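The values are calculated or read from the model by the stated rules, or taken from the named source; none is laboratory data. All figures in this text were calculated on a predicted structure; none of them were measured in a lab. Neighbour counts are summed over all protein chains in view; Cβ atoms, including those assigned to glycine, are modelled from backbone coordinates with ideal geometry. Ligands, DNA and RNA are stripped out before the accessible areas are found, and what is left, the full protein with its side chains, is counted by its heavy atoms. Shrake-Rupley method; radii C 1.70, N 1.55, O 1.52, S 1.80 Å.
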Amino acid sequence: MELLPFWRNFSTAQRTPRILILVSLTLIILGLIPLYHPFYRYPANLVVDHSSKITSPLSYGTTTTKYQKIIEQDDEDTCDVFIGEWVRNPDAPYYTNMTCWAIHEHQNCMKYGRPDTDFLKWRWKPKGCDLPIFNPYQFLDMMRNKSMAFIGDSVGRNQMQSLICLLSRVEYPIDISYDTDQNFRRWKYTTYNFTLAAYWSPFLVTVKESDPDGPSHTGLFNLYLDEPDPKWTTQIENEQFNYLIINSAHWYTRCSIYYEKNQIIGCHYCGLPNITDLSINYGYQKALKTTLKAINSLENFKGVTFVRTIAPSHFEGGEWNKGGNCVRQGPFRSNETTLDGISLEFYRTQVEEFKVAAKEGKKKGKRFRLLDMTQAMLLRPDGHPSKYGHWPNANVVLYNDCVHWCLPGPIDTWSDFLLHMLKLEGRRALEESLQLK
């Protein structure tokens, strides 16, 4: 108590410099914190603002924890983001065929003269909630020191090229592929140490082309339904990717001979004597089961597997090789069309096999998620290249392409869904880590 008079009698002249120094230091520290905060690289208004505008990464904002960002932006418990409608988005597109080098020629609709642009001006609106437009800064920050692989057919490659174009607003990757094989490519975003890979395996299982022409002039393939394609399984095992995005289906409509245990068990439209003709879906279900079982058996793979469901084709007026085309210029409403035919069979198979793999994977610490793009893309007959993926009179197999998607175009929305699901993964991981403490 004897010290109190000393402080009480301390002169005002002596206290003032100390106070000024403390105030000055406090202001300096508060000014420096935002410059080094990890979420300063993308705007803090993403925490509560679901508008379609993407503001500059240099926008100043208050600091917010990663957990708060994930929780406040995604209402996982009350909303199924895969059920909804397409609504107008005047801000789209977020790149053009002149600003992105990653667009495959056959999906470069603007280059080849597509006259309408209204198909670019839509976004997906889930029933009962909102799905934020893809933010490339946020995505790359979440992918820092991580890796992602796309495995499957050319529609999967279409998705990956869309992602690269969306990310081009932040950074272009460098090619770090091991060789010149265009079916297996690797890119790196050096600023973020993020690796992106593509493994072209349209059947997902081992395949040998027995006849380049075949009964329908699209080839005849020997499919080994119980053997996963080693071209991607060995890479996944060795590279230890954080995320896999698996897709397939469309190639199973081609003429194929089915093998199990190296023995012919049947075929699909092979036209060969004494071979049982089996359904398209028979081969696909066997192959998808083999694929997901293989992922569950990879000891070194500890990442998340997204099973991306089929994006239906939209041929009208005939089949792909019999005059079919896709000339609509706007989306359907959800009550104007339904999923049917082989697309419905494929979709049911994907959901069924996903559930089986997820249940088995949970026992082994594996994580499977369903990237359900079917309903949203069923409603977009206007998003395909049609005849605008090549010059007129070009000698191409698929003259009217109603399978792939224009870039830019509706497929860009897949990245909205992907980022949403990645944030949910971040939330799950954080909640699990908190439970272990």
Determine, yes or no, whether P381 is of a type outside the set (K, R), out of contact with any helix residue (DSSP H, G or I) (no Cβ under 8 Å at 6 or more places or on another chain) and modelled with pLDDT of 95 or more.
-> yes
Do we find that Y192 is in contact with a helix residue (DSSP H, G or I) (Cβ under 6 Å, 6 or more places away or on another chain) and farther than 26 Å from T349 by Cβ in this structure?
-> yes
Does Q235 meet the test of being touching a residue at least 24 places away in the same chain (Cβ under 8 Å) and either in contact with a Phe, Trp or Tyr (Cβ under 7 Å, 6 or more places away or on another chain) or not acidic (D, E) (or both)?
-> yes
Quick one: which strands (runs of 3 or more DSSP E) lie wholly within segment 134-248 and hold at least 2 residues that are open to solvent by 20 Å² or more (accessible area, probe 1.4 Å), in contact with a strand residue (DSSP E or B) (Cβ under 7 Å, 6 or more places away or on another chain) and basic (K, R)?
-> 184-189
Taking only segment 289-313 into account, find how many residues are under 17 Å from T374 (Cα atoms) and not aromatic (F, W, Y).
-> 7
From the set of residues in segment 288-340 that are in a loop (DSSP other than H, G, I, E, B) and of a type in the set (V, I, T), which is nearest to the chain's Cα centre (by Cα)?
-> T309
For segment 109-122, state whether one or more residues are polar (S, T, N, Q), at pLDDT 95 or above and within 25 Å of Y199 (Cα to Cα).
-> no
Does C79 meet the test of being open to solvent by less than 60 Å² (accessible area, probe 1.4 Å), at pLDDT below 95 and in contact with a Cys (Cβ under 9 Å, 6 or more places away or on another chain)?
-> yes
